[in-house]
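What follows is a single structure, written as structure tokens, with notes after it.
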Amino acid sequence: MALIPRTMAMLCFLPLAALAADEPANQDMANQAQTQPQPAQELAKQTPETASMKSRDNRRALEHVAASELQQIQVDGEDQAVLIRPWSGPKQLGAALLLPPPGTHADAPGLNAFLRRSINPAGWASISITPPPFPEQPNFTTEAQEISKAGDGKVLGKSNQATSRRDAEEWQKLRKQQQSFIQQSLAQLDALGAPFPGKRLLIAQDQSAALVIELLAAQELAKPDLLVVINPYLDDPDANLALPKQLAELELAILDIQSPDGHQASQATVKSRKSLASSKPDNQYRQLLLALDLRQDVAFENTLLMIEGMARKVLKQLKPNEKAATEPHQ
């Protein structure tokens, strides 16, 4: 019977001995963990920088495009695609320059792809360029010395608004990079568009449209005969609010198209864009609202009818009894 307590004592001692044997190894692991920076600390030491603007490799996205339509230009030392389709039919009015939204490509699916193939029978060659790249999302980090500090209780911005991803200075720097891309691209289209003399339409969507408005307002871009902006907006809230005034002050013919599914920033300025330009004659500014989202074929067709109708006004080819025909039915 005396053996039982002794056996129990030995069994209790064995785990303690094992723990004691593991202690040096555990201590070494702890020391090693202290000497190696944690991932969070590494991120915290990084200095925030302006997001890079990397061009996409669009070769696979354009594999379906006929070789006869594909041209290349150099922008910032890199090849960028330009897609050209000649006019068709008896009319030869000029060329429509198409600028899709940033971050897409010259044959961006949806409206851009439709317009570049469907505007030709109306007498317009289509020249679709690669849009500027879209800036990468910013990586928010906290400096290491700030981690242990208590907050000051202050909240920037309103509680019902999303936190601004960048400050005004960085937004402006990014826009300048994108606008430089657009300027370099359009400057090379004179030679490519030489086989199609006549008027020039510039059709731009979303943020590309807003970037063009800013360039024209600063007189840093040659004026087209007709500017078509579709759902124009900027991510920078202050710059976005300035767009209606800039658009209204442009001395050229403008067609302003808004769709129900346009970005909320473009929806926010649609009324002010029209009101500020209300003093312009009908052949210099028109705002037309699509009834359908720009994801439907009917909306694509109605957009084309709107562009053709305004182009006829600019070219003074519109007869009095044709006015009603330019208004698409939805």
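The values are calculated or read from the model by the stated rules, or taken from the named source; none is laboratory data. Since this is a predicted model, take the numbers as computed values, not measurements. Neighbour counts are summed over all protein chains in view; Cβ atoms, including those assigned to glycine, are modelled from backbone coordinates with ideal geometry. What goes into the accessible areas is simple: the full protein's heavy atoms, side chains included, and nothing from ligands, DNA or RNA. Shrake-Rupley method; radii C 1.70, N 1.55, O 1.52, S 1.80 Å.
Here are the numbers for the structure shown:
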{"quantity": "Region 238-318 - accessible surface per residue (Å², probe 1.4 Å)", "calculated": "48"}
{"quantity": "Residue pairs, from the table LYS173/LYS313; LYS91/LYS271; LYS176/LYS199; LYS91/LYS245, whose Cα atoms sit over 30 Å apart", "calculated": "LYS173/LYS313; LYS91/LYS271; LYS91/LYS245"}
{"quantity": "Among 289-298, 79-88, 200-209, the order from most to least packed when residues are scored by Cβ within 10 Å on average", "calculated": "200-209, 79-88, 289-298"}
{"quantity": "Net charge, VAL228 excluded, C-beta distance under 15 Å - Lys, Arg +1, Asp, Glu -1", "calculated": "+4"}
{"quantity": "Two-site label geometry, ASP167 and SER278: point separation in nm, points 7 Å out along Cα→Cβ", "calculated": "3.9"}
{"quantity": "Long-range amide H partners of GLY103 with built H, under 5 Å", "calculated": "PHE134"}
{"quantity": "Rounded to whole Hz, the Karplus (6.51, -1.76, 1.60) HN-Hα couplings of region 278-286, x for glycine and proline", "calculated": "5, 7, 6, x, 5, 8, 10, 8, 9"}
{"quantity": "For region 109-123, Karplus couplings with θ = phi - 60° (6.51, -1.76, 1.60), whole Hz, Gly/Pro x", "calculated": "x, x, 4, 4, 4, 5, 5, 5, 9, 10, 8, 5, x, 7, x"}
